[in-house]
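S.K.: My questions will all concern the structure given below.
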Amino acid sequence: MTVDDVAEYLGKPRSWVYGNWRREALPFKKVGQALRCRPADLEKWIDRQAG
């Protein structure tokens, strides 16, 4: 998933995702200059936030 995909999925603006991905420990990996996230990793992150 791209940053745009994650922002849409979370219902947050793209700027929030970029501004908070390290602090919130969003499960991104850098691929070249881009951030990418696996859907399964994002679901695990969401589950940890709810608990």
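The values are calculated or read from the model by the stated rules, or taken from the named source; none is laboratory data. What you see is a predicted model, and the numbers here were worked out from it, not measured in a lab. Please note: Cβ atoms are built from the backbone with ideal geometry, for glycine as well, and neighbour counts cover all protein chains shown. The protein model used for the area step is the full one, side chains on, heavy atoms only, and it has no ligands, DNA or RNA in it. Shrake-Rupley method; radii C 1.70, N 1.55, O 1.52, S 1.80 Å.
S.K.: Which of the trypsin sites (Lys or Arg not before Pro) across the chain are loop residues per DSSP, with 14 or fewer other Cβ within 10 Å? Walk me through the intermediate numbers first.
M.R.: Working: sites: Arg14, Arg22, Arg23, Lys29, Lys30, Arg36, Lys44, Arg48; in loops: Arg22, Arg23.
Those satisfying the criteria are Arg22, Arg23.
S.K.: Ok, one more. Determine the principal axes of the Cα atoms in the chain, then give the extent along each, sorted from largest to smallest and rounded to whole angstroms.
M.R.: 32, 20, 19
S.K.: Here's another thing I want to ask about it. Taking only Cα atoms, what is the 0 to 90° angle, nearest 10, from helix 39-50's long axis to the longest principal axis of the chain?
M.R.: 40
S.K.: By accessible area of protein heavy atoms, probe 1.4 Å, what ranking do Glu8, Glu43 get, highest first? Display every interim value, and only then the final one.
M.R.: Working: Glu8 150, Glu43 75 Å².
So the residues, ranked largest to smallest area, are Glu8, Glu43.
S.K.: If each DSSP helix of 4+ residues adds -39,500 (n - 2.57) and the sum is divided by the residues in the chain, what number results at 222 nm, nearest 500 deg cm²/dmol? The partial results should precede the final answer.
M.R.: Working: 3 runs with 27 residues, N = 51.
Value at 222 nm, helices only: -15000 deg cm²/dmol.
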